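Worksheet for the structure shown next.
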Amino acid sequence: MQFMVEVSCKQLVVETPPRVMVIEVETPQRGVFTKALYSIAFFLVIVLGSPSFAQDKFLLEDEKNNISVYEQVNKSVVNITSRGVHYDEFSFYAYPTEGSGSGFIFDKEGHIITNYHVIENGKEFVTTLYNGQQYSTKLVGADPNNDIAVLQIKIPSEKVYPCMLGSSQGLKVGQKVLAIGNPFGLDRTLTTGI
């Protein structure tokens, strides 16, 4: 959280986006006033700088919504590593290939939806869950024209968190979109846009 404290002769201004707190103080003695203002400023910096205060008091409604969606869905997001072999048609050499991308758990049977380009040319697939556990994964089906693939991991149903899907029927251009992914094995990133 970022904030700014400004002290002048008659007021103390504390800016903590999106709020601004102004404390008006009048005192006959400048020395006492200055010490009091600096004491208040120090106290406010300590209070406003604490994580619990920052999280609870100054989050915008949009930020609260983003956090709520992320907390509900992030365990469904997986990282998929694809390994294969590419054969050079001119030199006839075989080169190992490796790629990775994101996907999400679709159901309790361990089906995973991802993009076809993530698994293209792959022969061996490994899925990494939110907790770092890795599972050998098999390709169930693919549709290259629509860039979609279905994989499956064998895992007890109590260890998977399927993503709840909605409908795109009533969506309008300009609505907010959240994308949660796990590209390059990074820890479940969140991106917002329209």
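The values are calculated or read from the model by the stated rules, or taken from the named source; none is laboratory data. Quick caveat: nothing in here was measured; it's all calculated off a predicted structure. Don't worry about glycine lacking a Cβ; one is built from the backbone with ideal geometry, like all the others, and counts go over all protein chains shown. Accessible surface is based on the protein model in full, side chains and every heavy atom, while ligands, DNA and RNA are left aside. Shrake-Rupley method; radii C 1.70, N 1.55, O 1.52, S 1.80 Å.
Is it the case that some residue within region 97-106 is over 21 Å from N66 (Cα atoms), charged (D, E, K, R) and modelled with pLDDT of 90 or more? No; the residues of region 97-106 include none that is over 21 Å from N66 (Cα atoms), charged (D, E, K, R) and modelled with pLDDT of 90 or more. Within region 152-185, the set of residues being of a type in the set (A, V, I, L, M) and touching a strand residue (DSSP E or B) at 6+ places or on another chain (Cβ under 8 Å) comprises I153, I155, V160, V177, L178, A179, I180.
Restricting attention to region 70-91, which residues are at pLDDT below 90 and of a type in the set (A, V, I, L, M)? Correct list: V85 only. Counting the residues of region 73-120 that are in contact (Cβ under 8 Å) with a residue 24 or more places away in the chain and more than 22 Å from K154 (Cα to Cα) gives 4. Note on region 120-138: residues that are within 19 Å of the chain's Cα centre (by Cα) and either β-branched (V, I, T) or closer than 13 Å to I80 by Cβ (or both) total 3. Pull up region 85-107, narrow it to residues that are crowded, with 18+ Cβ neighbours inside 10 Å and out of contact with any Phe, Trp or Tyr (no Cβ under 9 Å at 6 or more places or on another chain), then point me to the one that is farthest from L129 (Cα to Cα). Per the criteria, the residue is F106.
Hey, among the residues in region 139-176 that are charged (D, E, K, R) and surrounded by 13 or more Cβ atoms within 10 Å (Cβ to Cβ), which one's farthest from the chain's Cα centre (by Cα)? The residue in question is D147. Screening A149, A94 for residues that are at pLDDT below 90 and touching a strand residue (DSSP E or B) at 6+ places or on another chain (Cβ under 7 Å) leaves exactly one candidate, A94. For region 121-131, filtered to residues that are within 14 Å of I155 (Cβ to Cβ) and part of a loop (DSSP other than H, G, I, E, B), the residue that is least open to solvent (accessible area, probe 1.4 Å) is L129.
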